1. Using only the alpha carbons of region 247-297, what is the convex hull's orientation-averaged projected area in square nanometres?
2. What shape does region 320-367 take by its C-alpha gyration tensor, where a ≥ b ≥ c are the square roots of the eigenvalues and a/c under 1.5 counts as rounded, a/b above b/c as prolate, and the rest as oblate?
3. Probe of 1.4 angstrom, ligands and nucleic acids ignored: what's the accessible area per residue over region 339-487, in square angstrom?
4. Roughly to the nearest percent, how much of the accessible area of region 308-466 is carbon and sulfur, given a 1.4 Å probe?
5. Considering the alpha-carbon set of region 148-269 alone, what are its Rg and its Dmax in angstrom?
6. Using the 2.2 N^0.38 Å rule of thumb for compact globular proteins, work out how region 576-674 stacks up: its C-alpha Rg over that value, please.
7. Rounded to the nearest 0.05, what FRET efficiency is calculated for VAL688 and GLU552 with R0 set to 51 Å and r the Cβ-Cβ distance?
8. Might you tell me the accessible area per residue for region 624-701, computed with a 1.4 Å probe and given in Å²?
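The values are calculated or read from the model by the stated rules, or taken from the named source; none is laboratory data. Quantities reported herein were computed from a predicted structural model and do not represent experimental measurements. FYI the Cβ positions are ideal-geometry reconstructions off the backbone, even for glycines, and counts take in every protein chain you see. Areas reflect the complete protein model, heavy atoms only, side chains present, ligands, DNA and RNA absent. Shrake-Rupley method; radii C 1.70, N 1.55, O 1.52, S 1.80 Å.
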Amino acid sequence: MENELIYEFSVDKEVIMERFSLCRERLQEMKDEHLALSQNKGFDAYFHTVLDFLLVVLENYDFIQKGGLEKADLKELQDRNHALYQDILPENYGKSYGNPSYAVSELGKEYGQLLSALYFELRSIIGPAFENKLFEVVIRLELFAEIFGAFLSDDKNGAVTKAQTIKDTIYWFLSDYTEDERIIRFGCMVDSDRNFPVETIVSSNLSDIRYLYKFGEYISDNEIKMAQHLNSLPEADIDKMASTFTEGYRIGFEVTGKDITKKKTASIVYELGFERVVKKAIENFEKIGLKSTIANSFMSLFVGNGSARRSSSYGAIPNKQFDYDHKDDIGLFLDANLVTRRLEAARAAGEKYKDKAKVYGGPAVIETFGEKPFSPVPNKDAVHLTKEQQKALTDYMSQNSLIMNNYIIMKERSFTIISFPKTEIGDNFEEIFNETVKINTLDYKLYQTIQQKIIDALDKAQYVIVKGMGENRTDMKVMLHELADPSKETNFENCVADVNIPVGEVFTSPILKGTEGVLHVSGVYLEGLFFKNLEITFKDGFISSYKCTNFESDEENSKYISDNILFNHETLPIGEFAIGTNTTAYVIARKYGIEDKLPILIAEKTGPHFAVGDTCYTYEEDTTTYNPDGKSIIARDNEWSLKRKTEPGKAYFNCHTDITLPYDELGEISAVRKDGTSTTIIRNGRFVLEGCEELNRPMDE
């Protein structure tokens, strides 16, 4: 499939093809070129190992261009896919240059970190090679050839290339191509023209699972079994799943008073295996005037921001430890100038696609759950950001979000998210899958009515207390905004099945001053990472201390939380307090023992939860939102987010992480009024507020 998107902003096709041809010739020559000096033998082994990988990618490129994906049998496609990823799979990772520890042991710390980071970057050519995006392939092949060439030249002169030379070469590579790369990534999201994943899904015979190997992503048994399972379902079931998903997106615009007819595109985010549902979703979106985009996830120094989390769409993750070990690689190169280049690139991308960004409707996300919780092993040889770099990245994220909001105006767009289990969740996958479909399609009118009773009680309160029971040490006081006119105003949003599928929560943005206490959960699974005995203390709404017991040392536990919940901010405020009401989801999770595997989208509905970071109304604070009863939701700001009016660069943290306290660890939730009297909503894990008895039925059955 020809994809000429890249040539529109960089260089023309003929130049790219010429550079590609020269790169291929140079790589073939390298096969017979070796470093002769004894002190260079380790480097020679590295370069030829990486060279072998690059040649495998190019051989696959040729295979694709000759129509091999359509002609090959499943076994050949599986073997080819494995060959692309085998080096970083867990069973081989101990002796992979992708492992910083192995690279450091073979090449020394300074060289090892740099060359492992280089290999990480070079591995990002797999996807572009499959999509025929040669610009992205060429610039990385040229980078490899330049660095190997420097070693060859110095070797002939009896020297070892300085580590600084490698560092400078990669630095200028990043500086030179940051704008091009940012434009590519942004275009994949907002531009529906020549979108490779969408075209592949629409044009493929999805009953033939060989189509999974067209994307270049790693394919495990899970993706195959998921595709096979969906292929076994009747069309009516697929329609139901896809319609719940796309209707949630449409209703999200409707209930917030946004005009969806002004939008032309929606970006679908999903994991491979769900193509049959995605294909139907593409058709559904077309019927309401929206074309779909799908952007593949891209692990690269260009998008490095200190996080191991993948965004956009992807297949199986070959090795989460590999992702985690390289999340801070940008720290080898990050300085003020590179941050400036990134911000300039963001503006350039916005300007390039400003017309398409204006009609971009937002993401429609299919999440998955069921994989074994991942708790990374700290790697002393991996790159770690300095305090200055952490601050530079957090400042960059804030400035970047402000720039992007000029092009994709948050208050005019919407989103939706739905979740389904992976086949690896266990032998009873099909039962869990069917139960999840049930969860996702619960009667939202019933929940809307019950949740309104909870909101009515909460709106009479000055603050809410939340306490754990048994060994749970939670003891929180949550301050609420004062309602000027309770007949027309409310603090809590009545959340049913629109943008956040499934139904089941009421939420607010608390007042920070006076919000305090301890939040403790025995175990929680946040964005693919498991936290054991997570305990966070708050004072005036901000995190004052934190700890967990994942690792032996307090220092490692503290860093784990700082990296993956605080995202290297010194502190974060409580951006949301909510009470989850989806007891059906809670009971199903307990029935199948999958509590630790639930995605936050479902988990947050199975008890009260606190989100640290931005509020739920970030960039939409000035848009009036109403509940179904007609009352306007006034709790759209807190003391910190109000800085957007005076210091917009400081108002947002660009993160929002929900931490749920499950019903079986919950002793009490009570709404306390100004006069000290209170109304209890939950006691000992059961709803005791009058009118909420139906919520206990799943737990009592």
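1. Working: hull surface 15.0 nm².
With every direction weighted equally, the projected area is 3.7 nm².
2. Details: a/c = 5.26, a/b = 1.28, b/c = 4.12.
Since a/c reaches 1.5 but b/c is at least a/b, the shape of region 320-367 is classed as oblate.
3. That works out to 46 Å² for each residue.
4. Working: 3290 of 6490 Å².
The nonpolar share, carbon plus sulfur, comes to 51 percent.
5. 23.4, 71
6. The reported ratio for this selection is 1.29.
7. After rounding to 0.05, the efficiency reads 0.75.
8. I get 47 Å² per residue for region 624-701.
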